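Visitor: Mind having a look at this structure? Questions to follow.
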Amino acid sequence: MTLRIAGLMKESVCDGPGIRFVVFVQGCFHNCSGCHNPQTHNPEGGAEISIDELLKMIDSNPLLDGVTFSGGEPFLQAAALAKLAEHCNRRGLSVMTYSGYHYEDIVETSENTAWRELLRRTDILVDGPFIPEKATHEIPFCGSSNQRVHNFRE
Ligand code: SF4
(Lines give C-alpha, C1' and ligand atoms only; values in the text may rest on other atoms or scores of the structure.)
Protein backbone atom coordinates (compact mmCIF):
# COMPACT_ATOMS: atom_id res chain seq x y z
CA MET A 1 0.00 0.00 0.00
CA THR A 2 1.34 3.46 -0.85
CA LEU A 3 0.77 7.08 0.13
CA ARG A 4 1.29 10.22 -1.94
CA ILE A 5 3.26 12.65 0.19
CA ALA A 6 4.49 16.23 -0.04
CA GLY A 7 7.27 15.62 2.47
CA LEU A 8 8.43 14.12 5.73
CA MET A 9 9.93 15.44 8.93
CA LYS A 10 11.73 12.68 10.77
CA GLU A 11 11.74 14.52 14.11
CA SER A 12 9.54 17.42 15.13
CA VAL A 13 8.65 18.92 18.50
CA CYS A 14 6.15 21.40 16.99
CA ASP A 15 3.57 19.08 15.42
CA GLY A 16 2.03 17.53 18.51
CA PRO A 17 3.15 16.35 21.94
CA GLY A 18 6.68 14.98 22.34
CA ILE A 19 8.99 13.99 19.50
CA ARG A 20 7.06 13.10 16.37
CA PHE A 21 7.56 11.75 12.88
CA VAL A 22 5.49 13.96 10.55
CA VAL A 23 3.97 12.87 7.25
CA PHE A 24 2.83 15.78 5.06
CA VAL A 25 0.37 14.21 2.66
CA GLN A 26 -0.16 15.45 -0.88
CA GLY A 27 -3.59 16.63 -2.07
CA CYS A 28 -6.07 19.08 -0.61
CA PHE A 29 -9.31 20.63 -1.89
CA HIS A 30 -10.04 23.03 0.98
CA ASN A 31 -8.31 26.05 -0.58
CA CYS A 32 -8.03 27.93 2.70
CA SER A 33 -6.97 31.48 1.94
CA GLY A 34 -3.50 32.11 3.36
CA CYS A 35 -2.60 28.40 3.29
CA HIS A 36 1.09 28.03 4.09
CA ASN A 37 1.46 24.85 2.02
CA PRO A 38 -0.12 25.46 -1.43
CA GLN A 39 2.38 23.05 -2.99
CA THR A 40 0.51 20.24 -1.22
CA HIS A 41 -2.83 20.89 -3.00
CA ASN A 42 -2.39 19.04 -6.31
CA PRO A 43 -3.42 15.42 -5.61
CA GLU A 44 -1.09 14.27 -8.40
CA GLY A 45 1.95 16.17 -7.11
CA GLY A 46 4.48 15.06 -4.53
CA ALA A 47 5.88 11.55 -4.52
CA GLU A 48 4.70 8.05 -3.72
CA ILE A 49 6.06 6.13 -0.78
CA SER A 50 5.11 2.75 0.62
CA ILE A 51 3.77 2.20 4.13
CA ASP A 52 6.62 -0.31 4.67
CA GLU A 53 9.22 2.31 3.83
CA LEU A 54 7.64 4.76 6.26
CA LEU A 55 7.53 2.13 9.00
CA LYS A 56 11.24 1.39 8.50
CA MET A 57 12.02 5.08 9.09
CA ILE A 58 9.71 5.21 12.10
CA ASP A 59 11.20 2.04 13.59
CA SER A 60 14.73 3.40 13.20
CA ASN A 61 14.07 6.12 15.79
CA PRO A 62 13.45 4.81 19.32
CA LEU A 63 13.00 8.37 20.62
CA LEU A 64 9.67 8.93 18.86
CA ASP A 65 6.52 9.50 20.93
CA GLY A 66 4.19 9.52 17.99
CA VAL A 67 3.39 10.17 14.36
CA THR A 68 1.54 13.17 12.95
CA PHE A 69 -0.40 13.29 9.68
CA SER A 70 -0.50 16.81 8.28
CA GLY A 71 -1.19 18.22 4.88
CA GLY A 72 -2.55 18.48 2.47
CA GLU A 73 -5.71 16.77 3.65
CA PRO A 74 -5.08 13.43 5.37
CA PHE A 75 -8.67 12.21 4.96
CA LEU A 76 -8.23 12.15 1.16
CA GLN A 77 -5.87 9.20 1.75
CA ALA A 78 -7.68 7.77 4.73
CA ALA A 79 -7.30 4.08 3.87
CA ALA A 80 -3.49 4.15 3.61
CA LEU A 81 -3.13 6.41 6.65
CA ALA A 82 -5.45 4.22 8.71
CA LYS A 83 -3.19 1.27 7.88
CA LEU A 84 -0.08 3.23 8.87
CA ALA A 85 -1.84 4.41 12.03
CA GLU A 86 -2.75 0.83 12.93
CA HIS A 87 0.95 -0.14 12.82
CA CYS A 88 1.86 2.95 14.88
CA ASN A 89 -0.81 2.12 17.48
CA ARG A 90 0.64 -1.38 17.78
CA ARG A 91 4.10 0.10 18.43
CA GLY A 92 2.70 2.27 21.23
CA LEU A 93 3.10 5.47 19.19
CA SER A 94 0.33 8.04 19.40
CA VAL A 95 -1.31 9.23 16.19
CA MET A 96 -2.22 12.86 15.61
CA THR A 97 -4.16 13.91 12.51
CA TYR A 98 -4.73 17.41 11.15
CA SER A 99 -7.78 17.93 8.95
CA GLY A 100 -9.44 20.86 7.21
CA TYR A 101 -12.74 19.04 7.79
CA HIS A 102 -14.63 19.43 11.04
CA TYR A 103 -14.97 16.47 13.37
CA GLU A 104 -18.75 16.52 12.80
CA ASP A 105 -18.25 16.28 8.99
CA ILE A 106 -15.94 13.33 9.46
CA VAL A 107 -18.40 11.53 11.75
CA GLU A 108 -21.28 12.23 9.32
CA THR A 109 -19.25 10.59 6.58
CA SER A 110 -19.19 7.48 8.72
CA GLU A 111 -20.48 5.32 5.86
CA ASN A 112 -16.97 5.88 4.50
CA THR A 113 -15.22 3.06 6.30
CA ALA A 114 -11.73 4.41 5.58
CA TRP A 115 -12.58 7.76 7.19
CA ARG A 116 -14.11 5.97 10.17
CA GLU A 117 -11.02 3.79 10.52
CA LEU A 118 -8.60 6.72 10.36
CA LEU A 119 -10.68 8.56 12.98
CA ARG A 120 -10.73 5.43 15.17
CA ARG A 121 -6.93 5.13 14.94
CA THR A 122 -6.37 8.84 15.68
CA ASP A 123 -5.52 9.77 19.28
CA ILE A 124 -5.54 13.52 18.70
CA LEU A 125 -7.48 15.29 15.93
CA VAL A 126 -6.91 18.97 15.09
CA ASP A 127 -9.87 19.97 12.94
CA GLY A 128 -11.11 22.86 10.85
CA PRO A 129 -9.67 24.96 8.04
CA PHE A 130 -6.94 27.56 8.53
CA ILE A 131 -8.53 31.05 8.67
CA PRO A 132 -5.89 33.80 8.31
CA GLU A 133 -8.02 36.43 10.13
CA LYS A 134 -7.99 34.10 13.14
CA ALA A 135 -4.30 33.19 12.91
CA THR A 136 -2.73 32.65 16.33
CA HIS A 137 0.39 31.35 18.01
CA GLU A 138 -1.41 31.18 21.38
CA ILE A 139 -3.15 27.82 21.00
CA PRO A 140 -0.78 24.86 21.01
CA PHE A 141 -0.69 22.97 17.69
CA CYS A 142 -3.34 25.19 16.01
CA GLY A 143 -2.72 27.73 13.24
CA SER A 144 -5.95 29.67 13.77
CA SER A 145 -8.31 30.03 16.74
CA ASN A 146 -11.27 28.33 15.01
CA GLN A 147 -9.36 25.03 14.97
CA ARG A 148 -10.03 22.56 17.79
CA VAL A 149 -7.87 19.92 19.43
CA HIS A 150 -9.80 16.71 20.19
CA ASN A 151 -7.81 14.44 22.48
CA PHE A 152 -9.73 11.17 22.31
CA ARG A 153 -7.52 9.43 24.86
CA GLU A 154 -8.14 11.92 27.68
S1 SF4 B 1 -6.51 22.30 4.82
FE2 SF4 B 1 -4.36 22.80 5.22
S3 SF4 B 1 -3.27 22.29 3.30
FE4 SF4 B 1 -5.45 22.38 2.82
S5 SF4 B 1 -5.77 24.48 2.07
FE6 SF4 B 1 -6.27 24.46 4.27
S7 SF4 B 1 -4.37 25.03 5.31
FE8 SF4 B 1 -3.82 24.45 3.20
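Visitor: Got a number for the accessible area of R116? Probe 1.4 Å, square angstrom, nearest 10.
Guide: Its accessible surface works out to 120 Å², give or take rounding.
Visitor: Run through the stretch 26-59 and list the GluC sites (Glu not before Pro) located in a DSSP loop whose Cβ has at most 13 other Cβ atoms within 10 Å.
Guide: Values: sites: E44, E48, E53; in loops: E44.
Passing both the DSSP loop test and the Cβ count: E44.
Visitor: Then there is this: Relative contact order, percent, of the chain when contacts are C-alpha pairs under 8 Å separated by at least 6 residues? Before the final figure, lay out the partial values.
Guide: Details: 324 pairs, mean separation 32.5, N = 154.
Computed value for the chain: 21 percent relative contact order.
Visitor: If you don't mind, another one. Any idea of the accessible area per residue across the chain, 1.4 Å probe, to the nearest Å²?
Guide: Numbers: 7810 Å² over 154 residues.
Per residue, the chain has an accessible area of 51 Å².
Visitor: While we're looking at this one, here's another question. Shape call for the stretch 1-87 from the C-alpha gyration tensor, a ≥ b ≥ c root eigenvalues: rounded (a/c under 1.5), prolate (a/b greater than b/c) or oblate? Don't skip to the end; give the middle numbers.
Guide: Numbers: a/c = 2.07, a/b = 1.38, b/c = 1.50.
In terms of gyration-tensor shape, oblate.
Visitor: Please list the non-local residues whose amide H lies under 5 Å from the amide H of T68, H modeled 1.01 Å from N, same-chain partners needing a gap of 5 or more.
Guide: Amide H neighbours of T68: F21, V22, V23, M96.
Visitor: Once phi is turned into θ = phi - 60°, what whole-Hz ³J(HN,Hα) does the Karplus curve with 6.51, -1.76 and 1.60 give for every residue of the stretch 12-27, x standing for Gly and Pro?
Guide: 9, 10, 10, 10, x, x, x, 9, 10, 8, 10, 10, 8, 7, 9, x
Visitor: Could I ask something else about it? With viscosity set to 0.692 mPa s at 37 °C, what whole-number translational diffusion coefficient in µm²/s follows for the chain from Stokes-Einstein and a Kirkwood radius over Cα pairs?
Guide: Working: Rh = 15.4 Å.
Value of D from the Cα-based Kirkwood radius: 213 µm²/s.
Visitor: Hey, any idea what % of the stretch 2-151's accessible area is carbon plus sulfur with a 1.4 Å probe? All intermediate terms of the calculation are to be shown ahead of the outcome.
Guide: On the way: 3770 of 7290 Å².
Looking at the stretch 2-151 in its full context, I get 52 percent from C and S.
Visitor: Need one number: % antiparallel among DSSP beta bridges in the chain, to the nearest 5.
Guide: On the way: 14 of 27 bridges.
Within the chain, antiparallel bridges account for around 50 percent of the total.
Visitor: Heavy-atom accessible area of H30 with all protein chains present, probe 1.4 Å, nearest 10 Å²?
Guide: Accessible area of H30: about 60 Å².
Visitor: Let me ask you something else. Taking Cα centroids, how far is the stretch 1-18 from the stretch 48-94 in Å?
Guide: If we compute the Cα centre of each part, the gap is 8 Å.
Visitor: Please calculate the 1.4 Å probe accessible area of I139, with all protein chains present, and give it to the nearest 10 Å².
Guide: So the heavy atoms of I139 present about 60 Å² to solvent.
Visitor: Right, another one. Provide the gained length on full extension for the span M9 to A135, in nm with one decimal, where the gain is 0.36 nm per separating residue minus the Cα-Cα distance.
Guide: On the way: separation 126, 0.36 × 126 = 45.36 nm, distance 2.31 nm.
Difference between extended and current length: 43.1 nm.
Visitor: Would you mind checking which residues have amide H under 5 Å from H102's amide H? H placed 1.01 Å from N; only 5 or more apart, or other chain.
Guide: Excluding prolines and chain starts, which carry no amide H, the hits are G128.
Visitor: Give me, ordered by chain and number, the residues 5 or more places off R148 or on other chains with an amide H under 5 Å from its own placed amide H.
Guide: D127
Visitor: Using 0.36 nm times the number of residues separating E154 and A79, minus their current alpha carbon distance, what extension gain do you get? Present the calculation step by step, with values, prior to reporting the outcome.
Guide: Values: separation 75, 0.36 × 75 = 27.00 nm, distance 2.51 nm.
Length gained, E154 through A79: 24.5 nm.
Visitor: For S33 and D52 in the same chain, what is the full-extension length gain: residue separation times 0.36 nm, less their Cα-Cα distance, in nm? Could you put the intermediate results ahead of the total?
Guide: Details: separation 19, 0.36 × 19 = 6.84 nm, distance 3.47 nm.
Result: 3.4 nm gained on full extension.
The values are calculated or read from the model by the stated rules, or taken from the named source; none is laboratory data. Keep in mind that this is a model prediction, so the values were computed, not measured. Neighbour counts run over all protein chains shown; Cβ positions are idealised from the backbone, glycine included. Only protein heavy atoms, including side chains, enter the accessible area calculation; ligands, DNA and RNA are left aside. Shrake-Rupley method; radii C 1.70, N 1.55, O 1.52, S 1.80 Å.
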